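Each remark here refers to the structure printed beneath this line.
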2 protein chains.
Amino acid sequence: MVTHTPTNGHAGEQDVDLTSSALNHRIAEQAANGTNGANGHHANGHAAAPAELDASKLTIRRADPAARAVPDEATACSGNETICTDHMITCAWDASRGWAAPELKPYGPLSLMPTASVLHYATECFEGLKAYRGFDGKLRLFRPDLNAKRMLMSTLRISLPGFNPKQVERLISTLVAVDGPKWLPADRPGSFLYLRPAMIGTQPQLGVQAPKEALLFITASFMPRMDSMPGGLKLHTSPEDMVRAWVGGFGYAKVGANYGPSLLATNEARARGFGQILWLYGPEGYCTEAGASNFFVVWRARDADGGKLQLVTAPLDDRLILDGVTRRSIVELARERLAGELEMVERKYTIDELLDADREGRLVEAFAAGTAYFICPVSLVHHRGKDVQIPLGKGDSGQYTAKIKGLMGDIMYGNEQHPWGVVASMD
Amino acid sequence: MVTHTPTNGHAGEQDVDLTSSALNHRIAEQAANGTNGANGHHANGHAAAPAELDASKLTIRRADPAARAVPDEATACSGNETICTDHMITCAWDASRGWAAPELKPYGPLSLMPTASVLHYATECFEGLKAYRGFDGKLRLFRPDLNAKRMLMSTLRISLPGFNPKQVERLISTLVAVDGPKWLPADRPGSFLYLRPAMIGTQPQLGVQAPKEALLFITASFMPRMDSMPGGLKLHTSPEDMVRAWVGGFGYAKVGANYGPSLLATNEARARGFGQILWLYGPEGYCTEAGASNFFVVWRARDADGGKLQLVTAPLDDRLILDGVTRRSIVELARERLAGELEMVERKYTIDELLDADREGRLVEAFAAGTAYFICPVSLVHHRGKDVQIPLGKGDSGQYTAKIKGLMGDIMYGNEQHPWGVVASMD
């Protein structure tokens, strides 16, 4: 028997966007009063509210600085293990007490019960950003506010607790201020450390439910340079039986669940001599991401379409792709500084459009863009048995790719003083 | 420029099913020679092959049996923490050496580096099955071979190492043989423990890649009975902006990435008074799973369609849903033993068909089926502002639901001697 349900008090229309309305509601709540909003609503003003994440409560326990030496650049990334700096920051949360005082302490293992939520249900998310040793000697972060805000969105999407993003930004900056001077030495200008804030569900409970305990942790480590592969990055389009993300899914959030499932196809592509998968979407074959990076193409529009030189990348509005900080910065810089040379276009485009542009001699350049790969020239796209060769006009890069990379790098490494380059400090 | 690629040596057709061909290839390889096939191919007969998973190498370090008491049934599941038995089994793997000797040892925390793959990229999968204390006093597993085989499929899908499923089955059985006598006491016939084999990527490496180190672990714990909720289980259909699994995804594999992302919608539904989400798929609104369980409906077909009583559940062929052991057993039992009463139908069906059946008085029963929920009567489906009330003819259950539950339970608890009920032993 069908009945309308006044008891639930929700109109039918509200049923169709349960998720995004929940998410928007919680992000707004977070911004308004900073409550730990992920796991249920607590009454404001009643009982003791769970504690907020507060970077000013940080406790510091220093490692012996003589215990570990900084590896040279050649060996820093040569092993099977990521080398982290002397310290990490951790901060525990539980649903009743809220956030404990964050701790800066010697880098070392975490202890998790075998029943911990993260080990079974992928209640995890992360961020990736870098600390840059400037040519002026300063240690900078690049737009860390965007990473901290995106992390909040990811944590809420994966049912982990909320926090004030500014506090995470402060913790990141503090870790860099403490470990940067030793691990990113002043005699290595133009180099970087990789920063990895992450949050995991730690409640030892096998019920499939939002965890009532969580841990935020931040590490700093070496990471290889991946922005200048000899011969450029070669991409293999995704197979028809493998979809990375989908409308209604979580492709826009930096949650672990987007990564593990993609490794199988990536490994197969690598075994065939390619660097990453170019993820296509839907029967139309929309180009979305290149590996775990955003993807940009430079082409000349057809004469009938105005014939302009365009820098094209997939849009954010269907929430299939990550709102990359590098992506966003490129889009903004291109509009601000390259408008006389090319038109910045965010729109859906298909692999067939890429093939057409190639066949018609309109394909100019392509690159992957993200924190790990920075801006990495793409030299080839393999699709269904065919190779599209993409010009590297300057030998190892297209000219527009190089120009954009230069603009970004100048901000990161302090050649240009810019609000996006934030000097690390302990506040 | 487009060129065909003899260098890669793959025809275009092979590009469209990269994933499933890789997966099938590796499962076949595993079956043929039992190699650790997940992370690259090693030459058979050359160099030292990585060691196979071998249950006969198990080492045993016993906990002090007096250290922990078995809680009574009322309190065993009342806290926020899952209570595990005295022991767990762990087994470490790395890509060069293969599987180490499995260890049965006291239950306790795992130590993971903050950079461990599982904490960032959801390189994790699990199984769920139960140990049953029979009315004849024996400890049984229910079709553990199916869980072990499915676990192999899940591990390969998520780029974790392969193993011989028979060895995992032996390890599970051993843990039950060791801890069952104390933790599933003979004076509690008709009760169960929950078994959780899991595998995680442990390599401390932040590169997005298949882990070269992994850990298999198995725990046994208490879990609440969830098969007889007062008033039946109430389902809320999934919102349009939330898709659990998709064609080309990994909905069929028991990987963490299917669970964490679903918690947000589940929490919202619970806040509105529902027990689980009924996951719909596509613009047609195909019914797929109920929470993390399979979903069955009993209805009478329209007269024009033969008018038969049918037990309907979603099919496996589009790989959207989990190939549940409970689901498969119900399908097989219904065909074997209930053919005179109802027709077992595996096919796609939509929420509109469910609504039609209700409106036309043809809807008879519905239930969720899985290891955790066992066979759980569904009393209501809420869809877009409307409630479909589903009869519970016997008060707390429909009659066919109760009959199927009885058949299954008799095998699990030894009232019927059946090959699916496997007595636990140390071999």
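The values are calculated or read from the model by the stated rules, or taken from the named source; none is laboratory data. Note that the structure is a prediction, hence the values are computed from the model and not measured. Virtual Cβ from ideal backbone geometry, glycine too; neighbours counted across all protein chains shown. Side chains included, ligands, DNA and RNA excluded: accessible areas come from the protein's heavy atoms. Shrake-Rupley method; radii C 1.70, N 1.55, O 1.52, S 1.80 Å.
Assorted remarks:
- Residues in region A:239-252 that are facing chain B (nearest Cβ under 8 Å) and open to solvent by less than 30 Å² (accessible area, probe 1.4 Å) were compared, and the one that is nearest to A:MET151 (Cα to Cα) is A:PHE250.
- Residue match in region B:302-319 (condition: outside the structural domain of B:SER117 (by TED's automatic domain parsing), within 29 Å of B:LEU119 (Cα to Cα), more than 21 Å from the chain's Cα centre (by Cα) and not β-branched (Val, Ile, Thr)): no
- Per the conditions (1) in a loop (DSSP other than H, G, I, E, B); (2) open to solvent by 40 Å² or more (accessible area, probe 1.4 Å); (3) in contact (Cβ under 8 Å) with a residue 12 or more places away in the chain; (4) within 14 Å of chain A (Cβ to nearest Cβ), the sole criterion not satisfied by B:ALA372 is (2).
- Residue selected from region B:375-396 under the condition open to solvent by less than 10 Å² (accessible area, probe 1.4 Å) and away from chain A (no Cβ under 13 Å), by the criterion farthest from B:PHE192 (Cα to Cα): B:VAL378
- Which listed residue is open to solvent by less than 10 Å² (accessible area, probe 1.4 Å), over 30 Å from A:THR155 (Cα atoms) and away from chain B (no Cβ under 14 Å), from A:VAL312, A:VAL297: A:VAL297
- Any hit, region B:263-285, residues being open to solvent by 10 Å² or more (accessible area, probe 1.4 Å), basic (Lys, Arg) and either out of contact with any strand residue (DSSP E or B) (no Cβ under 6 Å at 6 or more places or on another chain) or over 25 Å from A:MET242 (Cα atoms) (or both): yes
- Qualifying positions in region A:76-112 - at the interface with chain B (Cβ under 7 Å from one of its Cβ atoms) and open to solvent by less than 50 Å² (accessible area, probe 1.4 Å): A:THR82, A:CYS84, A:MET88, A:LEU110, A:LEU112
- Scanning region B:141-164 for any residue that is under 27 Å from A:ALA269 (Cα atoms), open to solvent by 20 Å² or more (accessible area, probe 1.4 Å) and more than 16 Å from the chain's Cα centre (by Cα) turns up at least one such residue.
- From the list B:ASP352, B:ASP323, B:ASP396, the lone residue that is among the acidic types (Asp, Glu), in contact (Cβ under 8 Å) with a residue 12 or more places away in the chain, outside any strand (DSSP E or B) and closer than 30 Å to B:ALA55 by Cβ is B:ASP323.
- Breaking point among (1) surrounded by 23 or more Cβ atoms within 10 Å (Cβ to Cβ); (2) not assigned by TED's automatic domain parsing to the domain that holds B:PHE135, for B:ASP227: (1)
- Matching residues, region A:198-214, being closer than 16 Å to B:TYR259 by Cβ, more than 7 Å from every other protein chain (Cβ to nearest Cβ) and open to solvent by 10 Å² or more (accessible area, probe 1.4 Å): A:THR202, A:GLY207
- The residue of region B:221-238 that is nearest to B:GLY79 (Cα to Cα), among those that are of a type in the set (A, V, I, L, M) and away from every other protein chain (no Cβ under 11 Å), is B:MET229.
- Test for B:GLU341: is it within 23 Å of B:ARG143 (Cβ to Cβ), of a type outside the set (Lys, Arg) and open to solvent by 50 Å² or more (accessible area, probe 1.4 Å): no
- Failed item, numbered, when A:ASP187 is tested on (1) within 12 Å of chain B (Cβ to nearest Cβ); (2) among the charged types (D, E, K, R); (3) closer than 27 Å to A:ALA67 by Cβ: (1)
- Within region B:200-315, strands (runs of 3 or more DSSP E) holding 2 or more residues that are touching a His at 6+ places or on another chain (Cβ under 6 Å): B:233-237
- Given (1) open to solvent by 30 Å² or more (accessible area, probe 1.4 Å); (2) under 16 Å from the mean Cα position of the chain (by Cα), number of the condition B:LEU195 does not satisfy: (1)
- Of everything listed in (1) touching a Lys or Arg at 6+ places or on another chain (Cβ under 8 Å); (2) within 20 Å of B:GLN209 (Cβ to Cβ), the single unmet condition for A:ALA290 is (1).
- Total residues in region B:113-135 satisfying the condition of being within 7 Å of chain A (Cβ to nearest Cβ) and either open to solvent by less than 10 Å² (accessible area, probe 1.4 Å) or modelled with pLDDT under 95 (or both): the figure is 10.
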